[in-house]
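Please read the structure below before turning to the comments.
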Amino acid sequence: MRDFAFTVIQESDSYMAMATTVEDVAATPETIGVADNGHVEAPDILISDPDLESIWEKVKHGERLSAEDGVKILETEDFSAVGLMADYKKRQFSGDKVYFVLNRHLNPTNICVLSCKFCDYAKKPGAEGAYEMSMEEMLDHLDGDIRELHVVGGHHPTWPFEFYVDMIRELHNARPDVQIKAFTASEIDYFWRRWKVPPEESLAIFKEAGLSSMPGGGAEVFSDRIHKLLLPGKAKADRWLEIHRIAHGMGIKSNCTILYGHVETFRERIDHLILLRELQDETGGFLALIPLEYQVGYTKLRPRHTPPMDDLKMLAASRLILDNVLAIKSYWVMLGEATAGMGLNFGANDLDGTIGKERIAHAALADSPAGIARRNMVASIKDAGRIPVERDALYNEITVYN
Ligand code: SF4
């Protein structure tokens, strides 16, 4: 047994029971690693790569990094220096806190009209392994003490728009305490293409039915070259950004993602992050960035996974370039638990969630076990020397495990 209060709580206990049990171990403000005035002392960093000197000066003085700076961070061999820089930047956002959420992923169907070349998940109607969940199966995902339900799926050829509205409404009515984070910008765009429901209208209807926020998927890499190569039928960068802009304008917060480690260049990765940064300057509606490592799976766009050192540099570059978004996720489902834990020293301040019943990453042979227990989440964060903070989907803090 690990030596902290959380271990007394079994995974099957209700959230209310957990909240009562841990009440007296919530952290006081002075435990979060940031001085009262929010000032974070810049560490002394031994820099061996001269290219990083000017970047560190900018970071220390709160200056914005350029695309060229971002590429240098991804290219450098000075691994520890970029980690320390990103860690310094992260402390300015959240001190030593690392967030996680008790959540489930619901993927209602894998039937999809598109055929993105990196996707192991989608099936055509009638193909072996194609599935469509019943409403009962979907409601079954609202088990236990979850706070967030993450809903994304294929672009189904015949499910009418009203079916999706009923889905959100029934899920919300069954568990109004669970925040529903549903439908990527690509799916919202598809409701327009297929059913002629414009994003302003679909998002308003979903919000009224119980949608709380939007996930960040479907962004992939904002590059016309990549779009043409890998996802020609999907919403392009300007459309993805437009839909998030609309959502933010309606008070719907969202996440953002980048899918890296396939055929994109470093410059394309950084340009993508800068487009996200620009939209965040405009709307302030992004809560978190999730850098998604491409899973080799069966698609074989690349023969090997991205090496862990490169994953960690990607987290650091994300933290340093995206200087206006609260959270950078070290997404353990795709990185694996060991690399995700190391990511907490490379600018990440979120481990995502417990993710029972997650299907998409595992269709691509991600090797992490689905459904990591809450206690393991707390333990992983503690093992990295950080302070676990359980949050809800909107980054309201629920419990600090200190
Ligand atoms: S990535 Fe999404 S849109 Fe593309 S084929 Fe897979 S499920 Fe369909």
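Derivation of every value follows stated rules applied to the coordinates shown; laboratory data play no part. Remember, it's a predicted structure, so these values are computed and weren't measured experimentally. No Cβ is skipped: glycine too gets one built from the backbone with ideal geometry, and neighbour counts run over all protein chains shown.
List, in order, the whole-Hz ³J(HN,Hα) value for each residue of segment 73-90 obtained from phi through the Karplus relation with A = 6.51, B = -1.76, C = 1.60 and θ = phi - 60°; use x for Gly and Pro.
The phi angles translate into 5, 6, 8, 5, 9, 7, 4, 5, 5, 5, x, 5, 5, 5, 5, 4, 4, 4 Hz.
Find the percent of Cα-Cα distances in segment 213-361 that exceed 28 Å, and round it to a whole number.
Distances greater than 28 Å cover 14 percent of the Cα pairs.
Counting other C-beta atoms within 10 Å, which of Arg386, Arg91 has the fewest, and how do the rest follow?
Sorted ascending by nearby Cβ count, the order is Arg91, Arg386.
Evaluate 2.2 N^0.38 Å with N set to the residue count of segment 145-186, then give the Cα radius of gyration divided by it.
Normalised by 2.2 N^0.38 Å, the Cα Rg of segment 145-186 equals 1.22.
For the chain, give me the percentage of DSSP beta bridges that are antiparallel, rounded to the nearest 5 percent.
The antiparallel proportion sits near 10 percent.
Debye calculation, C-alpha points only, no solvent: report log10 I(q)/I(0) for segment 34-169 at q = 0.11, 0.12, 0.16, 0.19 Å⁻¹, in the same order as the q values.
-0.72, -0.77, -0.85, -0.99
Only sites in a loop by DSSP and with at most 10 other Cβ atoms within 10 Å count here; which GluC sites (Glu not before Pro) in segment 104-152 make the cut?
When the GluC sites (Glu not before Pro) of segment 104-152 are filtered for loop state and at most 10 Cβ neighbours within 10 Å, Glu128 remain.
If N is the number of residues in the chain, what value comes out of its Cα radius of gyration divided by 2.2 N^0.38 Å?
0.95
If you check each cysteine of the chain for another cysteine whose beta-carbon is under 4.7 Å away, which ones come up empty?
Lacking a cysteine Cβ partner under 4.7 Å: Cys112, Cys256.
Given Cα pairs under 8 Å that are at least 6 residues apart, what percent is the relative contact order of segment 94-400?
Averaging sequence separation for qualifying contacts and normalising by length gives 22 percent for segment 94-400.
Per the Cauchy relation, a quarter of the hull surface: what is the mean projected area of the convex hull of the alpha carbons in segment 158-230, in nm²?
Its average projected convex-hull area is 5.5 nm².
Can you show me the helix-derived [θ] at 222 nm for the chain, built from DSSP H runs with n ≥ 4 at -39,500 (n - 2.57) apiece and divided by the number of residues, rounded to the nearest 500.
-11500 deg cm²/dmol
log₁₀ I(q)/I(0) of segment 123-209 at q = 0.12 Å⁻¹, via Debye over equal Cα point scatterers, no solvent, to two decimals?
The computed values of log10 I(q)/I(0) come out as -0.38.
Quickly rank 103-111, 194-202 as a protection proxy: mean count of other C-beta atoms within 10 Å, highest first.
The densest-packed peptide leads the list: 103-111, 194-202.
Mind listing which chymotrypsin sites (Phe, Trp or Tyr not before Pro) in segment 272-306 are in a DSSP loop and have 11 or fewer other Cβ atoms within 10 Å?
Those satisfying the criteria are Tyr298.
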